[in-house]
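I have placed the structure first, in the form of structure tokens, so that the comments after it can refer back to it.
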Amino acid sequence: IRITMSPLKIKKPDVLLQIWGTLAVLLFSCCGGQQVGYSYKYQTGPFTVLLEGPAPALLQVRTQSTVVWEAQATSFLSLAAVEESVRQIGGDFAISLRSLQRCDGVEITGNGSQPGPSPGGREGNNLVYFSGQVCGNTSSATTFQLTFQAEDVSDGHAHLLFNVSVVSAVFNQLLLTYGSVQGEHLYGFGSQYSRLDMKGRRLPLFLSEQGVGRGLQPLTAFLDLFSPGAGGDWHTTYTRVPFYVSNLKRGLALESLEYAVFDMRAKDSVTIELLATEMTGRLLTGDSPLDVVQSYTAFAGRMQPLPGWVGS
């Protein structure tokens, strides 16, 4: 479309407004009637939840000082139909998932905020919700809902509860993808002996026999030769905790009990793969990584101080 304009002599201000209004309508029509831009902002406790778009459409959770969580609004959720198989030898478990079908693509068609049950008792812990479709351009189109709500915990900390769910008779796995950045380090997940920083790894969350060697060769292969699974792997552990803390003063705790995998291999994203159609968890932030850990233990519990005679 080519638009040419000739000089105009305007005598009245209202005529000028009419001309600009007409031009705006023409430009809007020539672009196919697409929305130029939008921004929705909701508050729940100390957290601000933003939806901005359209290119790229972004979902973001932040406080005054920290970006707690963010994701591409058109691709943060994927669904898969998988077939699970489990091999057990003693205390060792090998879990494999074979993908039968997968679909991507999110369309948010509804969003808002409403007063909800107030976790922790604070007024203003509104429930923020987003709804729409996943796989909307396929025969497997499925509705979803994503919610956020602040919760007060002890020691003056606040967590942001999140829940994402779908209703589907086809899919049995959720994949939640959100942003990370190069230079971010992710620590935690329980007792880990092979690596401290899990960024760059794909980590299954499952308790099993820890093994001797845990991938160190030739020790692991030697033990597996006589007792399959006895050598373990780099990620096997007796203590698995679905929580991590980042050097960027934020963290995430997964509360869902189903089998999960944290895929942290991408430089700019993290994907949680959960063998379920509903995922619940918590987003945390603080003044430092230590403060984030203290915020988590205020919710999950802490070991009692050792008696005085231990150091005597």
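The values are calculated or read from the model by the stated rules, or taken from the named source; none is laboratory data. Here the structure is a predicted model, which is why all the values come from computation and not from measurement. Reconstructed Cβ throughout: ideal geometry from the backbone, glycine too, with neighbour counts over all protein chains shown. Surface areas here come from the heavy atoms of the whole protein model, side chains and all, with no ligands, DNA or RNA. Shrake-Rupley method; radii C 1.70, N 1.55, O 1.52, S 1.80 Å.
Which angle between 0 and 90 degrees, to the nearest 10, do you get for helix 289-300 versus the longest principal axis of the chain when only C-alpha atoms count? Relative to the chain, helix 289-300 is tipped by roughly 70 degrees. Once the C-beta distance of SER75 and TRP309 is scaled by a Förster radius of 51 Å, the resulting FRET efficiency is 0.35 to the nearest 0.05. When the chymotrypsin sites (Phe, Trp or Tyr not before Pro) in region 127-227 are filtered for DSSP coil states and for at most 14 other beta-carbon atoms within 10 Å of their beta-carbon, the remaining sites are TYR193. Looking at THR280, GLY231, SER269, which one has the Cα that reaches farthest to the positive end of the dipole of region 204-286 (charges on Cβ: Lys, Arg +1; Asp, Glu -1)? The one lying farthest along the dipole's positive direction is SER269.
With Cα atoms as the point set, the chain shows a radius of gyration and Dmax of 24.9, 96 Å. With a 1.4 Å probe rolled over the protein heavy atoms of all chains, the accessible area of SER288, SER312 falls in the order SER312, SER288, largest first. Compute the Cα gyration tensor for region 161-252, then decide on rounded, prolate or oblate, letting a ≥ b ≥ c be the square roots of its eigenvalues: rounded whenever a/c is under 1.5, prolate when a/b is larger than b/c in the other cases, and oblate in all that remain. In terms of gyration-tensor shape, oblate. Compute the Cα gyration tensor for region 97-213, then decide on rounded, prolate or oblate, letting a ≥ b ≥ c be the square roots of its eigenvalues: rounded whenever a/c is under 1.5, prolate when a/b is larger than b/c in the other cases, and oblate in all that remain. Note, shape of region 97-213 comes out oblate.
The charge dipole of the chain, taken about its Cα centre with unit charges on the Cβ atoms of Lys, Arg (+1), Asp and Glu (-1) only, comes to about 1000 debye. In the chain, a dipole from Cβ-located charges (positive for Lys and Arg, negative for Asp and Glu) runs towards its positive end, and of GLY211, LEU175, THR63 it is THR63 whose Cα lies farthest in that direction. Report, in degrees rounded to the nearest 10, the 0 to 90 angle that the Cα long axis of helix 13-30 makes with the longest principal axis of the chain. Result, in degrees: 50.
Counting only aspartates and glutamates at least 8 places from LYS267 when in the same chain, those with an alpha carbon closer than 13 Å to its own are GLU184. When the chain is described by a simple charge dipole with +1 on each Lys and Arg Cβ and -1 on each Asp and Glu Cβ, the residue from VAL293, HIS159, PRO46 located farthest towards its positive end is PRO46. Evaluate E = 1/(1 + (r/R0)^6) for ARG87 and THR239, where r is the Cβ-Cβ distance and R0 equals 22 Å; express this FRET efficiency to the nearest 0.05. That gives a FRET efficiency of 0.50. Modelled spin-label separation between GLU107 and SER191, with each label point placed 7 Å from Cα along the Cα-to-Cβ direction: 5.0 nm.
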